[in-house]
Each structure stands twice: as structure tokens, then as C-alpha cells.
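*Asks:* I am attaching a structure below and will ask some questions about it afterwards.
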Amino acid sequence: QVPLVESGGGLVQAGGSLRLSCAASRTAFGANFIDWYRQAPGKQRELVASITRAGVTNYADSAKGRFTISRDNAKNTVYLQMNNLKPEDTAVYSCYANLGFADYWGQGTQVTVSS
């Protein structure tokens with residue numbers, strides 16, 4: 001089973017919304033943190049949001065008030081709800097899980113926000 005698989009990206013107009021999903025294997029879902037990162041062309045990868053196994057969340061300043069990370073333990077899935085999207089949110093979004101003895105990246109999903 002692939003450890004992490006993202007979906008939900010696409011093309012949206014500024015001000016619109018998207019919900020990204022990160023479907024995790026049972027092993028990957030057991031990580032203490034599961035993170036959403038993004039990387040725009042020519043820029044460094046940046047942490048967008050993270051969630052612990054207990055559901056404690058943390059956000060980058062650019063995501064606060066617009067993005068919500070959540071997890072469905074019954075589905076081994078982490079979500080990133082993105083509202084009021086801006087052109088500068090355009091990037092490949094990837095989820096990441098670090099178990100200590102191993103870490104996993106998903107393949108990423110493209111989000112493009114048009115102005």
C-alpha cells in the first residue's frame with residue numbers, strides 16, 4: 001500500500017475553495033504529526049499546516065484564518081480545507097508523515113489559483 005496519496009487539487013478562481021485529502025496507510029497514519037507542505041515554482045518548500053494524533057493543529061501565518069487541517073481516524077485520512085484562496089497559494093501540495101524510523105511523502109497534488 002502506498003503510504004500517502006493526495007487528491008483534491010485543481011484550478012480555482014481567487015476567493016474560491018478546495019479540500020485536499022491525504023489518504024494514509026495504517027502505518028503512516030500512526031505518525032505523531034502529519035503535515036501539509038507546499039512548493040511553488042522557484043520557491044522553497046514550506047510547511048502549511050500540521051496535525052497531531054490527538055488532533056492538535058498548527059498553521060503557517062499564511063494559512064491562519066483561511067485553511068483548516070483535520071483528520072478522520074476511521075478513514076486514515078487527513079484533510080486540508082482551503083478557503084478564500086489567493087493566486088499566491090498556487091503550488092504543489094504534499095502531505096508528510098514522520099514516524100522516526102521512517103518518513104513518507106505523498107506524490108503531491110497541484111493547486112492553481114487564477115486571479
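The values are calculated or read from the model by the stated rules, or taken from the named source; none is laboratory data. Everything numeric in this text was worked out from a predicted model, so none of it was measured. So basically every Cβ, Gly included, is an ideal-geometry build from the backbone, and we count neighbours across all protein chains shown. Surface accessibility is based on the protein's heavy atoms, side chains included, excluding ligands, DNA and RNA. Shrake-Rupley method; radii C 1.70, N 1.55, O 1.52, S 1.80 Å.
*Asks:* So if I average 1/r over every pair of distinct C-alpha atoms in the chain and take the inverse, what Kirkwood radius in Å does that give? Walk me through the numbers before you get to the answer.
*Replies:* Details: mean 1/r = 0.0717 Å⁻¹.
Mean inverse Cα-Cα distance, inverted, gives 13.9 Å.
*Asks:* Can I ask one more? What full-extension length gain, to one decimal in nm, is calculated for GLU46 and THR27 as 0.36 nm per residue of separation minus the Cα-Cα distance? Please list the in-between numbers first.
*Replies:* On the way: separation 19, 0.36 × 19 = 6.84 nm, distance 2.42 nm.
Gain on stretching GLU46 to THR27: 4.4 nm.
*Asks:* Based only on Cα atoms, what Rg/Rh ratio does the stretch 41-96 have, Rh being taken as Kirkwood's radius? Write out the running numbers ahead of the final one.
*Replies:* Details: Rg = 11.9 Å, Rh = 12.3 Å.
Result for the stretch 41-96 is an Rg/Rh of 0.97.
*Asks:* Sticking with this structure for a sec: Hey, if we sort THR90, THR77 by accessible area with the 1.4 Å probe, largest down, what's the order? All intermediate terms of the calculation are to be shown ahead of the outcome.
*Replies:* Values: THR90 35, THR77 15 Å².
In descending accessible area the options line up as THR90, THR77.
*Asks:* Report, for the chain, the % of DSSP beta bridges that are antiparallel, rounded to 5. All intermediate terms of the calculation are to be shown ahead of the outcome.
*Replies:* Values: 37 of 41 bridges.
Around 90 percent antiparallel, to the nearest 5.
*Asks:* Could you work out the local net charge near GLN110, counting Lys and Arg as +1, Asp and Glu as -1, over the other residues with Cβ closer than 14 Å to its Cβ?
*Replies:* Details: positive: ARG38; negative: GLU6, ASP89.
In short, -1.
*Asks:* Which of the trypsin sites (Lys or Arg not before Pro) found in the stretch 1-86 are in a DSSP loop and have at most 16 neighbouring Cβ atoms, other than their own, within 10 Å?
*Replies:* Details: sites: ARG19, ARG26, ARG38, LYS43, ARG45, ARG53, LYS64, ARG66, ARG71, LYS75; in loops: LYS43, ARG45, ARG53, LYS64, ARG66, LYS75.
Loop-located and lightly packed - LYS43, ARG45, ARG53, LYS64, ARG66, LYS75.
*Asks:* So what's the net charge close to ASN58: Lys and Arg +1, Asp and Glu -1, counting the other residues with Cβ under 14 Å from its Cβ? Could you put the intermediate results ahead of the total?
*Replies:* Working: positive: ARG53, LYS64, ARG71; negative: ASP35, GLU46, ASP61.
Computed value for this residue: 0.
*Asks:* Still on this structure, please answer the following. Test of understanding: what is the full-extension gain from SER17 to GLN107, defined as 0.36 nm times their sequence separation minus their Cα-Cα distance?
*Replies:* Working: separation 90, 0.36 × 90 = 32.40 nm, distance 2.14 nm.
30.3 nm is the gain from fully extending SER17 to GLN107.
*Asks:* Tell me, what is the 1.4 Å probe accessible area of SER25, in Å² to the nearest 10?
*Replies:* 10 Å²
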